[in-house]
Every structure is written in structure tokens, then in C-alpha cells.
Amino acid sequence: MLKAGTVVDATLIAAPSSTKNSSGERDPEMHQTKKGNQWHFGMKARIGVDADSGLVHTVIGTAANVNDVTQGHDLLHGEERVVFADAGYQGAAKRPEATAVDWHVAMRPGKRRSLDKQSPWGSLLDKAEQLKASVRAKVEHPFRVIKCQFGFTKVRYKGLSKNTAQLVTLFALSNLWMARKRIIQGAWG
């Protein structure tokens, strides 16, 4: 089912920041990061999704403070020709581990807001960003499934390896959830 394009993204998964436990400390493998003006403590679930079907093919769990662009190439399966990503992956094509794929990374929001949409060039750039966003929207669906359908909004275990193993299982189940109509049609059709 995997095609020639991948969409990559990450989401924050909260961890208990309380120190009211037997050891009196927070999970040492989890870290905090700032998103907007809000601080979050936990981990990041990073996924690579097929641009055509929307199915997850790669899952990586890291601490929340790990930069997105450093993990971009690890989210690729190796057969894609094009990658779509949000502004957190700016510069991924210039990294030493860069492969021969065409990266379509979103423009930073402030730069996009400052575009003169009345000029032909500004209007064209804005349309290109809308097209990139419409492709990138597929990566949000698995996140919605594990957070809303499966209720996974907070880590359950201590340590990244156990939580990453649970994420892999949840994203495999999200693939089944999202492909359920195609599976049923294949079985009965």
C-alpha cells in the first residue's frame, strides 16, 4: 500500500510532571519543551505516513526536547521520492544524512502571514502553501485516532522504550482503524 511519498510530523504526549512518587523525581527520560507560550513535559511521538493512503509506516519516540529536523530522515522508509513536512523540518534537505528525496517543507507561519497576497508572486506562494498543507493533513489523522479514539493522551509507563513500544502498537491499530472500510470491502467484495 505504500507509495512514493511520505508525510512526517510529531506530536507531544504528556508525562506526569509530579514528583509525588516513591523516588521523589520525574521520569529522567522525559523532558520539557516550549510550544508557543506553553511548556509541556513528556515525549514526542514522531511518525512517517504514506502520502497517498495515510497509513503509518514509521514510528519513533523521543524526549520532547529533541528537535524535529534531527529525526526527519529516520522517519523515511527509503523508497519515497517526495517528503512533506511542517515548518519544524526546515533545513532537513541540507543535513548530512540527506538522501535524494524532494523535501516540501512548509513556510514558517510568520513569513506566510507577511506575504503580500495581492501581488501575483505572493498569491502563487500562498496557493503553493495551501497545496502542501492539504497533503500534510493526512499525517494528523493517525494522531487523532490514538488520542481521541484510543484515549492515549498521557504516557502510561516510565521510560521512552516502553512508551515507544506502546506507540508502535497504537499506530498499528490506527492503521487498521483507518483502513477498516478497505479491509471489509476486500474481504466481502
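Throughout, read-outs are computed from the coordinates displayed, never taken from laboratory work. Everything numeric in this text was worked out from a predicted model, so none of it was measured. We place every Cβ from the backbone using ideal geometry, glycine too, and count neighbours over all the protein chains shown.
As a test, work out the antiparallel percent of DSSP beta bridges whose residues both lie in segment 1-89, rounded to the nearest 5.
Details: 21 of 25 bridges.
Counting DSSP beta bridges with both partners in segment 1-89, the antiparallel share is about 85 percent.
Give the relative contact order (percent, whole number) for the chain; include only Cα pairs under 8 Å separated by 6+ residues.
Numbers: 304 pairs, mean separation 46.3, N = 189.
Computed over the chain, the figure is 24 percent.
Provide the per-residue ³J(HN,Hα) series for segment 99-105, in order, calculated from phi with Karplus coefficients 6.51, -1.76, 1.60 and θ = phi - 60°, each as a whole number of Hz, with x at glycine and proline positions.
Whole-Hz 3J(HN,Hα) from phi for segment 99-105: 10, 7, 10, 8, 8, 10, 9.
Can you tell which of Gln90, Gln71, Gln149 shows the greatest fluctuation in a Gaussian network model of the chain with Cα springs below 10 Å?
Greatest mean-square fluctuation among the candidates belongs to Gln149.
Could you give me D for the chain, from Stokes-Einstein at 20 °C and 1.002 mPa s, where the hydrodynamic radius is the Kirkwood radius over C-alpha pairs? Units µm² s⁻¹, please.
Calculated translational D: 119 µm²/s.
Filter Lys34/Lys181; Lys44/Lys127; Lys35/Lys127; Lys94/Lys181; Lys94/Lys154 down to the pairs with a C-alpha to C-alpha distance above 28 Å, please. Walk me through the numbers on the way to the answer.
Numbers: Lys34/Lys181 38 Å; Lys44/Lys127 30 Å; Lys35/Lys127 26 Å; Lys94/Lys181 40 Å; Lys94/Lys154 34 Å.
Listed pairs above 28 Å: Lys34/Lys181; Lys44/Lys127; Lys94/Lys181; Lys94/Lys154.
Give, in nm to one decimal, the length gained when the segment between Asp116 and Ser161 is fully stretched (0.36 nm per residue of separation minus the Cα-Cα distance). All intermediate terms of the calculation are to be shown ahead of the outcome.
Working: separation 45, 0.36 × 45 = 16.20 nm, distance 4.65 nm.
In short, 11.5 nm is gained.
So how far apart, in nm, are the two label points at Asp102 and Ala14 if each is 7 Å from Cα heading toward Cβ?
For the pair Asp102/Ala14, the computed spacing is 4.1 nm.
Out of Lys162, Lys138, Lys35, any idea which swings most in a Gaussian network model of the chain, alpha carbons joined below 10 Å?
So, out of Lys162, Lys138, Lys35, the one fluctuating most is Lys35.
Any idea how far the Cα center of segment 140-189 sits from the one of segment 110-130, in Å?
36
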